Amino acid sequence: MPIEIIKISPFDDQKPGTSGLRKSVKRFQTPDYLQAFVQSIFNCIENLEGSILVLGGDGRFYNREAIKIILRMAAANGVAKVLLGQGGILSTPAVSHLIRKYKALGGIILSASHNPGGPEGDFGIKYNIATGGPAPESITEAIYQQSLRIQEYRILTVQAIPMDKLGSFTVGDLQVEIIDPVADYADYMETLFDFPKITRLLESSNFSMLFDAMNAVTGPYAVEIFQNRLNAPESAIMRRRPLGNFGGGHPDPNQVHAKELMQKLYSATGPSFGAASDGDGDRNMILGNYFFVTPSDSLAIIVANAHLIPGYKDGIKGVARSMPTSQAVDLVAKRLEIPCYETPTGWKFFGNLLDDNRITFCGEESFGTGSDHVREKDGIWAVLFWLNLLAIKQCSVEDLVREHWAKYGRHYYTRHDYEGINATKANDLMSNLEDQLAGLTGKEFAGLKVALADNFSYLDPVDGSRTEGQGIRIIFEDDSRIIFRLSGTGTQGATLRVYIERYIADVKQHDLDTQEALVELIAIANVLADIEEYTGRCKPDVIT
Ligand code: G16
């Protein structure tokens, strides 16, 4: 079959963000746009010829077209074999697992995660390396530099590419194996968790669960794992069918975008356990009846109880959290006498710590939790962890969390997002904050004294690389924190994230409303950053 070499002019907007390249579908449909980025990836991968790659996506609009292009380009670039999820579907954690299990050179994941899908929505692409984890900054930067220079791409002239039936076919010399997207992953989960015990919990009359797949990739995973293997009733999974536009919703598992699930849980007759995952299956939200578990608390509780779970009985090496994530897990690590690392936002920063066997668990406030079982955060894994824990403890989600707070104290935590604001104004807001940093230490606001004010930078203890400018931190003497950063995953304008946290040890004060408990800090954040002036908004678009 003939290989075509297509001459192109480079695009100047292919710099990967927090997690790969995310743009509007329309941008990706620009002639040669996707091809230019894929060829830039291929040009940066060593030993591509004769290699095995894993390929799949979250099923969003443009997934199938992108897969056909990538297969033809993989064939023209000498890849030997591609493991492709049936129908082009694979969750992000499943890709990570498949890369590791089949010793692939890497994988390409097609997803814009929690961003909306459909012809007017977003699309995305990211490359994961042989460890199963997201490509580190050194590789994403090399891909970007390549994209600024690229002059041509290679593609095979083939028309029909089947992807819906299990089995093998060839595209030129490339062997494509279409695999069940769920089976390997589900088998792996059975090795980590006590499935018979979880089954008994799900069958008991005083427990019920509701999982919201948000019409995204986890639908088929939830059906196979919760329904087929753990015997949950069909009614336990809502929005189970993956749709190209996620049913018009925003596949982000939080209190705002999983509204229907929230309403069901916040009702007297509602289920005892609720959970949701996002577009590509790596995020999770955990709920009890009338109860929301912050992702930061979820991480701390997972670490504190890990010794009870079959896959983690041998002990924990250490933990890590992204800088804006609350310090709840730090207290658990201290008690367990294990190291606790603080990294910039982005799962890729956990990669070296996991590969160097320094940590077992890691997590982020952005609804991401995971362990060394794969190299991505993992939504279904987190839900199984909680189910296994509840099956052992035989208590409600709320009781489990309150027991944790009573032992460690409570970190009240919120994140305020101002979405789609003017990018220049957002940068001005950050510069204005940066300019104030030097004079802030020692200053008092509403009775709270600033102990440290800086722009977070990270020195990777494994490879010695330094990453600067990762968010403005204002830390008070009582350990309260206000953090400002701009999102690296949005596609329109800029999104300002303000993270606010306050620690209260006294159990008698563990019943406050979160926004009320944080009201002084929220006011300080608004004044310091002059949010209304720079964003033109008097309140956040999303509060989680
Ligand atoms: C991605 C990254 C996460 C990060 C999150 C939010 O998640 O994988 O590590 O915490 O974005 O990033 P930002 O605050 O820059 O928008 P996902 O689920 O979108 O891949």
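Listed values, structure above:
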{"read-out": "Over 18 Å between alpha carbons, listed pairs Lys68/Lys165; Lys68/Lys348; Lys317/Lys393", "value": "Lys68/Lys348; Lys317/Lys393"}
{"read-out": "Dipole of the chain [Lys/Arg +1, Asp/Glu -1 at C-beta], most positive-end residue of Thr199, Gly379, Gly121", "value": "Thr199"}
{"read-out": "Charge context of Ala451, other residues only, Cβ under 13 angstrom, K/R +1, D/E -1", "value": "-1"}
{"read-out": "Stretchable slack from Arg466 to Asp513, in nm (0.36 nm times residue separation minus alpha-carbon distance)", "value": "13.1 nm"}
{"read-out": "Cut-off 10 Å between beta-carbons: net charge of the residues surrounding Leu308, Lys and Arg +1, Asp and Glu -1", "value": "+1"}
{"read-out": "Using distinct alpha-carbon pairs, which all enter the 1/r mean, Kirkwood radius of region 3-181 in Å", "value": "15.9"}
{"read-out": "Restricting region 103-177 to trypsin sites (Lys or Arg not before Pro) in coil, as DSSP defines it, with at most 15 other Cβ within 10 Å", "value": "Lys103, Lys165"}
{"read-out": "Folded to 0 to 90 degrees: helix 519-529 orientation relative to the chain principal axis, Cα", "value": "60"}
{"read-out": "The chain, relative contact order in percent, only Cα pairs under 8 angstrom and at least six apart counted", "value": "13"}
{"read-out": "Within the chain: Cβ-based charge dipole about Cα centre, in debye rounded to nearest 20 (Lys, Arg +1; Asp, Glu -1)", "value": "840"}
{"read-out": "The chain: angle of helix 33-44 to the longest principal axis, Cα-based, in degrees nearest 10", "value": "90"}
{"read-out": "Relative contact order (%) - criterion: Cα under 8 Å, at least six apart; region: region 410-543", "value": "36"}
{"read-out": "Student exercise, region 1-126 dipole from Lys, Arg, Asp, Glu Cβ charges, in Debye to nearest 20", "value": "300"}
{"read-out": "Number of Lys pairs (Cα under 28 Å; 8 or more positions apart or on different chains) in region 410-543", "value": "5"}
{"read-out": "Within region 198-293: Cβ-based charge dipole about Cα centre, in debye rounded to nearest 20 (Lys, Arg +1; Asp, Glu -1)", "value": "160"}
{"read-out": "Coil-residue GluC sites (Glu not before Pro) of region 439-537, DSSP, other Cβ within 10 Å capped at 13", "value": "Glu468, Glu477"}
{"read-out": "Inter-part distance where region 381-438 and region 1-78 are each reduced to a Cα centre, Å", "value": "34"}
{"read-out": "Between 0 and 90°, nearest 10: helix 295-305 axis offset from the chain longest Cα axis", "value": "80"}
{"read-out": "Sum of side-chain charges, Pro134 neighbourhood, beta-carbon under 14 Å (Lys, Arg +1; Asp, Glu -1)", "value": "-2"}
{"read-out": "Potential lengthening between Ala142 and Asn427 on full extension [0.36 nm per residue; Cα-Cα distance subtracted]", "value": "100.1 nm"}
{"read-out": "For a label point 7 Å along the Cα-to-beta-carbon line of Asp13, residues of region 250-290 with backbone N under 20 Å", "value": "none"}
{"read-out": "18 Å cut-off, amide nitrogen to a point 7 angstrom out along His307 Cα→Cβ, residues in region 352-374", "value": "360-361"}
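No value in this document is a laboratory result; all are computed from the given coordinates. Source: prediction; values computed, not measured. Backbone-built Cβ (ideal geometry, glycine too); neighbour counts: all protein chains shown.
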